[in-house]
Amino acid sequence: MDKQSLKNILKFSSFVGIAVSFFFLLPIMIGFYYGEDMRYFIFTDSLLFLSNLGILFLLKNHKINLSIKEGILSVNLIWILLGLTTAIPFYLYTDASYIDGLFEAISGFTTTGATIFSKIESLPKSILFLRSLTHWLGGMGIIVLGVGLFSLINPSGSLTLFKAESTGIKMEKITPKIKDTALRLWGVYLLFTLLDFFALKLAGMGYFDAINHAFSTISTGGFSTKNSSLGAFSSPLIYWITTFFMILSGINFLAHLRFFSTGKLDSYHKAEVLWYLWLFFLLSLSLTVVIIMIDGEHIVHALTHAFFTIASVLTTTGFATLDYERWGNIAISIIFLAMLIGGNTGSTAGGVKVIRYIVMFKNMKNQLIQTLNPKVLTGIFIDKQRINSQTINATIGFFFLFILTNALISFYLFARGFDTLTSVSTAIACVGNVGPGFALTGPTQNYAFFSQADKVILSIGMIAGRLELYTMVLLFSKTFWRKF
């Protein structure tokens with residue numbers, strides 16, 4: 001790697017590090033409010049701020065213009081550094097080991113929501129808030145935040161980072177400048193968070209619980225302030241409010257941005273959004289029928305928990321109102337299917353994403369037609385736009401990487417002695433950024449029982465999934481490093 005590339009990466013990473021150090025003042029203030037000892041947290045945050053400030057000072061005359069390779073490397077590096085740094089408060093203020101803290105931090109920033117804590121309600125308020133804050137920062141993407149502010153040190157080159165971190169097949173610019181698009185996305189993100197917060201407060205939550213759950217809901221993260229997640233509140237109104245905002249957050253935020261810009265619902269008349277909503281209702285109604293048949297519950301109770309559960313898993317949020325595994329194998333199959341789908345591209349949700357399934361099914365249909373009639377010319381059209389072969393190949397490649405990554409982690413866990421359902425569901429829950437899996441990692445369980453090595457492997461899986469696999473896998477390519 002040449003000095004120019006190293007300086008580009010260091011300066012950008014330090015800029016994001018300073019932004020995060022300011023955000024970390026929030027849990028410190030929460031700790032002060034609740035009378036907690038914040039000395040170690042202040043020292044950690046000060047060290048983060050001063051070290052990054054020192055790098056910026058040394059490189060103050062260096063002008064950044066990130067190449068796509070430098071952008072990809074910066075994205076991976078930042079996610080790892082954020083995990084390594086944020087693990088320190090978890091290590092200092094809880095009984096967790098440093099590796100446990102690293103797992104929790106990466107789970108937070110990747111909005112996975114898998115936790116190593118079994119007694120969540122006994123954690124300091126500052127740590128509870130920090131967990132939720134990592135979700136909120138990671139939800140829209142810490143790199144998108146950096147891109148939005150990147151113009152302060154570099155008016156050009158921002159699109160490189162936006163492409164490297166964004167979770168879509170095709171990331172669009174609504175405004176002429178990509179930084180303006182990023183900042184407006186954060187504006188919508190903040191608005192949804194505030195709306196969810198006020199709705200939860202009006203529904204009976206306390207201020208602290210409401211802001212933490214709003215952070216976790218809009219980011220589709222899933223960390224809760226309660227041991228039994230949202231089930232601790234026993235409030236159907238809270239369940240429905242959370243269901244609504246989870247589904248809203250699973251929709252492409254560019255569609256939300258267009259709606260606020262134009263005021264027209266046509267912004268949501270996209271194939272991916274419509275299929276996403278259709279799948280949500282179909283799976284929720286199917287699960288409702290199963291709950292009524294298995295438990296004999298009243299239809300309102302069944303609808304409430306079915307819609308909440310499918311919304312939570314489909315959007316990869318990971319909240320729970322009860323132990324849905326007790327509904328039996330049919331229910332588990334329906335929930336597992338939702339886990340494999342995910343939300344929209346450009347949303348805070350993880351998973352495969354609905355648009356990729358649309359592309360794959362349309363491509364499969366075309367292959368069947370051409371098999372029967374080789375002379376027929378076919379093409380894939382979505383929202384009246386032709387999908388080029390490069391996008392189709394990228395989609396097929398993503399599916400292969402998704403299956404391969406999950407298979408490798410599943411085989412690893414199975415070889416470690418875990419049962420098949422635990423191994424497979426845990427792999428998908430981490431790579432898909434869902435959080436809870438089934439069996440030993442089900443909705444009432446946690447990840448504390450895994451070994452330190454297991455947690456490192458699963459943390460890598462979470463980062464790979466959050467960065468849509470390609471961004472991390474490219475680091476293992478000789479071609480990627482050839483010109484560095």
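State whether the residues of the range 228-241 include one that is in a helix (DSSP H, G or I), at pLDDT 95 or above and either touching a strand residue (DSSP E or B) at 6+ places or on another chain (Cβ under 8 Å) or hydroxyl-bearing (Ser, Thr, Tyr) (or both).
yes
Any residue that is without any contact (Cβ under 8 Å) to a residue 60 or more places away in the chain, out of contact with any Pro (no Cβ under 6 Å at 6 or more places or on another chain) and among the basic types (Lys, Arg) - is there at least one of those in the range 251-266?
There is at least one residue in the range 251-266 that is without any contact (Cβ under 8 Å) to a residue 60 or more places away in the chain, out of contact with any Pro (no Cβ under 6 Å at 6 or more places or on another chain) and among the basic types (Lys, Arg).
Could you identify the single residue in 369, 396, 392, 358 that is assigned to a helix (DSSP H, G or I), more than 21 Å from residue 291 (Cα to Cα) and in contact with a strand residue (DSSP E or B) (Cβ under 7 Å, 6 or more places away or on another chain)?
Answer to the selection: 358.
Need pairs with beta-carbon distance below 7 Å; first residue on the phi > 0 side of the Ramachandran plot and buried (at least 24 other Cβ atoms within 10 Å of the Cβ) and within the range 99-113, second part of a helix (DSSP H, G or I) and not β-branched (Val, Ile, Thr); sequence gap 6+ or separate chains.
Within 7 Å, the pairs are 111/135; 111/138; 111/139; 113/107.
Restricted to the range 245-279, and to residues that are in a loop (DSSP other than H, G, I, E, B) and among the small types (Gly, Ala, Ser), which residue is farthest from the chain's Cα centre (by Cα)?
Filtering the range 245-279 for residues that are in a loop (DSSP other than H, G, I, E, B) and among the small types (Gly, Ala, Ser), the one farthest from the chain's Cα centre (by Cα) comes out as 263.
Residue by residue, here is whether (1) within 21 Å of the chain's Cα centre (by Cα); (2) among the β-branched types (Val, Ile, Thr); (3) more than 22 Å from residue 135 (Cα to Cα) holds:
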{"residue": "393", "(1), (2), (3)": "no, no, yes"}
{"residue": "398", "(1), (2), (3)": "yes, no, yes"}
{"residue": "407", "(1), (2), (3)": "yes, no, yes"}
{"residue": "425", "(1), (2), (3)": "yes, no, no"}
{"residue": "439", "(1), (2), (3)": "no, no, yes"}
{"residue": "445", "(1), (2), (3)": "yes, no, no"}
{"residue": "460", "(1), (2), (3)": "yes, yes, no"}
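Name the residue, out of 74, 46, 51, that is hydroxyl-bearing (Ser, Thr, Tyr) and under 25 Å from the mean Cα position of the chain (by Cα).
The conditions single out 74.
Quick grid of which residues meet (1) under 21 Å from residue 227 (Cα atoms); (2) outside any loop (DSSP other than H, G, I, E, B); (3) aromatic (Phe, Trp, Tyr):
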site	(1), (2), (3)
319	yes, no, yes
332	no, yes, no
340	no, yes, no
348	no, no, no
352	no, no, no
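Of everything in the range 82-104, what is part of a helix (DSSP H, G or I) and either among the polar types (S, T, N, Q) or closer than 16 Å to residue 464 by Cβ (or both)? Give them in sequence order.
Answer for the range 82-104, where residues must be part of a helix (DSSP H, G or I) and either among the polar types (S, T, N, Q) or closer than 16 Å to residue 464 by Cβ (or both): 82, 83, 85, 86, 102, 103.
Search the range 51-64 for residues being surrounded by 12 or more Cβ atoms within 10 Å (Cβ to Cβ) and either among the aliphatic types (A, V, I, L, M) or at pLDDT below 90 (or both), and hand back the single one that is farthest from residue 3 (Cα to Cα).
Only one residue fits best here, namely 53.
Residues of the range 428-473 being of a type in the set (A, V, I, L, M), part of a helix (DSSP H, G or I) and surrounded by 20 or more Cβ atoms within 10 Å (Cβ to Cβ), which ones?
If the condition is that a residue be of a type in the set (A, V, I, L, M), part of a helix (DSSP H, G or I) and surrounded by 20 or more Cβ atoms within 10 Å (Cβ to Cβ), then 428, 429, 431, 458, 462, 463, 464, 472 are the ones that fit.
Taking the condition of being in contact (Cβ under 8 Å) with a residue 12 or more places away in the chain and closer than 15 Å to residue 470 by Cα, how many residues in the range 381-407 meet it?
Qualifying residue count for the region: 12.
The values are calculated or read from the model by the stated rules, or taken from the named source; none is laboratory data. The structure presented is a predicted model; accordingly, all values stated were derived computationally and were not measured. Cβ: placed from backbone, ideal geometry, glycine included. Neighbour counts: every protein chain shown.
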